[in-house]
Amino acid sequence: MIPVLLVFVLAGSALGQDDEGPYRGKHIGKLNSYHHEVGGDVYAVDDYTLLLTAFSYDGNGADTFFWAGAANRPGPQGFIVPDEYGKTNVLGRYLQKDFTLTLPDDKKITDIKWFAIYDLLSQNTFGDIYIPEEFEPPTIQKIPQLAGKSHQVSSGAIEIIDAKRIKLNEFRYDGKAKQAHFWVGVGAQPASKGHKVPDEFGYLDALRAYKGETITLELPGDLTIFNIDWFSIFDLETKENLGSIIIPEGLNVPPSLVKVFPHKDHLPNCLQLHKDFQVSWEIFGPQITIQLAGQVDENAYMAFGISGSTEKSQMLGSDVTVAYLDGYRGFASDYNVTALTPCVRVLGQYKGVCKDELVGGQDSNQMHTASRDNGINIITFRRSLISPDPGDMPYPTEGSIYVIWAMGRLDHNKEPTFHDIYPKTDIRVELGRNESSSNCFSFTRSDTQLREPWAKGQIYDKTIRTFKAYLGPSGGKRGYQGATGQTSTSLAWYINGLLAPELWLRRGLTYSFRVYGGNNPHSAEFYHPLIITDEPHGGFDRLSDEAQSKVRVLTGVEYSRRGRPRPTAAGPLCLAKHKDLTDRRLDDDFPSFRKFNRSLIYTCEEGDPGVLEFTPNTSWPDVVYYNSFTQSNMGWKIHVIDSFSAARSKGSALQINSYVVVSILFVKQFARLFI
């Protein structure tokens, strides 16, 4: 198992910290022990929270509680402090235990004069400690703004939230330095010897432009605010400090609740790719051993490989390993990327992110070890430096190469979906170094709250019989994934201007989709005829004959004389896409789909749309799905109802209070495309 540093990260001496070791907050003192073997130290974590360390009590009191008050000394005039579980039960036995207590009813440490272990029945104090006069508990500390030197670096006041987090208010930087990073270190002023600090999303890429944004940064690994003297925006290429601030000594800040997971790899070279992902390697003889370690969900993958270009890091054309765990079994599968789309058959040939075995090659990776500890997947595999498979790229022992990496979710077939985390800058690595090198640091995890998905789109209007279907970006975790709970590709269906909305259609009425999903079957990425089936994923053309036989296609497919399925509703491509300078990784920053939609640009090919006309009847299930013929997870539900009035009276899973019900919504820019 990987050892875990829980709750309190390592630091040197700080204000109120009496000894070296974990920073626990401001030390109030040791408990005075009178009876029942009470002992331990007490710290103030913040205004409302006490930390007890190495606390002991034999549990033999009759009616004993944690007790606090504002009288001159412990006595009946006080109040119960709930235990570490928030309960007000009689105290049991404690032996050298560490835990936190929160004062009730928003009381502050400065509101009390003492804290005690007190028996109400006998009115005896078994142990206590007094709060010093004018005591100042740890709290967020404000320090001056950045002293900008170039590239328009500036900020408002900087807040030190706790021992590991720094908040930059109204941060600005023009994004034009080639190798600018958040950078920290020791010494009188910023210098090239220091540590990269991941950006607010955990990336270690060169910094993007910031336009007055407020961001929170977490110091990497076991580094804390007490280990550094300065914080800087530093250009590693020119060795220039673009703007910085000196960190005051002895800051009275709360300890960090970030958990630190040290990971010791056994390979000599290690490269930190992201806060949550690192790769290490060793070349021995004709083989290279590679270990991928990532803090990922159980149903997620890690990908690493050689770029498809010799001049930059490029996904297209790359030779990549996709590593994941399925239960206790590890996989490190060999893939080629021939198109920026999940693997599909294009006129009988596989294109996209496909296993080598599907494109006429072989899996050249030899699985070695796989494990998962504390939410970290660790997968080690080997392969030859020069593979006999012509689809594999060689791993050079001299010079450097561009590499690519990504992390994302696996779909229902254990295939990689469009990545959630990936770099935007070039990554160049020298594999055959004479001396080993490592910039990797410990994994960290904080209890961050997930952002709420965007409001789900719905079309519930008995007057609408025609729907316009075109393609657009899937919108990150708050978009398609948040609305449907499914993995996503890079694209999704937009229906009448909404991202993969749920539709309500009445049996016996005739409806039509005007389809603008691309009509070029030679395109692996932009050929999406529309179909309606009884299963939620789509991608009917990708399925085996056996799997296809289990799916009921309600409309959108006809069969040839040989029984092969052919789509019937393919139209010219209409595509909503990000502007050239927009970073798709920032999709989740949009507070709503409407604002996200306004940031997109729209293009349409000429030509008449494909038309999918159908009439739901009594044989149709109550819930069916519109999707792409070629790709999975691009569309969503259609509710087939007998009556709009009956459906509304019964609720029909509509949940009007939970969803945004839209009769029809058109972005003006989109609507003009079809005039």
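The values are calculated or read from the model by the stated rules, or taken from the named source; none is laboratory data. Model, not experiment: these values are computed from the prediction. Ideal geometry is used to build each Cβ from the backbone, glycine not excepted, and the neighbour counts take in all protein chains shown. Accessible surface areas use protein heavy atoms only, side chains included; no ligands, DNA or RNA. Shrake-Rupley method; radii C 1.70, N 1.55, O 1.52, S 1.80 Å.
Some values worked out for this structure:
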| item | result |
| --- | --- |
| Positive-pole candidate from 161, 186, 131, dipole of the stretch 93-209, charges at beta carbon | 186 |
| Long-range lysine pairs (8 or more apart or interchain), the stretch 88-175, Cα under 21 Å | 4 |
| For residue 494, residues with placed amide H under 5 Å, excluding near neighbours | 470, 471, 472, 500 |
| Modelled FRET efficiency - R0 22 Å, residue 123 with residue 71, Cβ distances, 0.05 increments | 0.95 |
| Label-to-label distance, nm, for residues given as residue 237 and residue 143 (7 Å Cα→Cβ offset) | 2.8 nm |
| Distant-in-sequence amide H partners of residue 568 (H built 1.01 Å from N, under 5 Å) | 557, 558 |
| Cβ-derived FRET efficiency at R0 51 Å, residue 84 paired with residue 189, nearest 0.05 | 0.70 |
| The chain shape via C-alpha gyration tensor axes, a/c threshold 1.5 | prolate |
| Phi to ³J(HN,Hα) by Karplus 6.51 cos²θ - 1.76 cosθ + 1.60 over the stretch 76-86, Hz, x for Gly, Pro | x, 7, x, 8, 6, 9, x, 6, 5, 9, x |
| Projected label distance in nm at residue 34 and residue 544, using a 7 Å step from Cα toward the beta-carbon | 7.6 nm |
| Whole-angstrom gap from the stretch 166-231 to the stretch 562-590, using each part's C-alpha centre | 35 Å |
| Under the Karplus curve 6.51 cos²θ - 1.76 cosθ + 1.60, θ = phi - 60°, whole-Hz ³J(HN,Hα) for the stretch 456-468, x wherever Gly or Pro sits | 6, x, 9, 10, 10, 8, 5, 7, 8, 10, 10, 10, 9 |
| Once exposed loop GluC sites (Glu not before Pro) are cut out (DSSP; at most 13 other Cβ, 10 Å), longest piece of the chain | 436-605 |
| Square roots of 5 times each gyration tensor eigenvalue, C-alpha, the stretch 406-555, largest first, Å | 38, 20, 15 |
| Projected-area mean, the stretch 21-64, by convex hull of Cα positions, square nanometres | 3.8 nm² |
| Under 5 Å, built H, 5+ apart or other chain: amide partners of residue 420 | 407, 408, 409 |
| Protein accessible area in the chain, 1.4 Å probe - carbon and sulfur % | 47 percent |
| R0 of 22 Å, Cβ-Cβ distance residue 372-residue 266: FRET efficiency to nearest 0.05 | 0.80 |
| Trypsin sites (Lys or Arg not before Pro) restricted to the stretch 506-583 and DSSP loop, no more than 11 other C-beta within 10 Å | 550, 561, 562, 579 |
| Average accessible surface area per residue within the chain, 1.4 Å rolling probe, Å² | 46 Å² |
| Calculated [θ] (222 nm, deg cm²/dmol) that DSSP helices of n ≥ 4 give over the chain, each run adding -39,500 (n - 2.57) | -1000 deg cm²/dmol |
| Stretch gain in nm, segment residue 216-residue 298, where the contour uses 0.36 nm per residue and the Cα spacing is subtracted | 26.8 nm |
| Net charge over other residues, Cβ less than 11 angstrom from the Cβ of residue 502 (K, R count +1; D, E count -1) | +2 |
| Prolate/oblate/rounded label for the stretch 189-268 (Cα gyration tensor, a/c 1.5) | rounded |
| Hz values of 3J(HN,Hα) by residue in the stretch 46-53 - Karplus curve (6.51, -1.76, 1.60), Gly and Pro given as x | 7, 4, 10, 10, 10, 10, 9, 10 |
| Student exercise, the stretch 312-384 dipole from Lys, Arg, Asp, Glu Cβ charges, in Debye to nearest 20 | 120 debye |
| Mean separation of Cα contacts under 8 Å, 6 or more apart, over the residue count of the chain: relative contact order % | 9 percent |
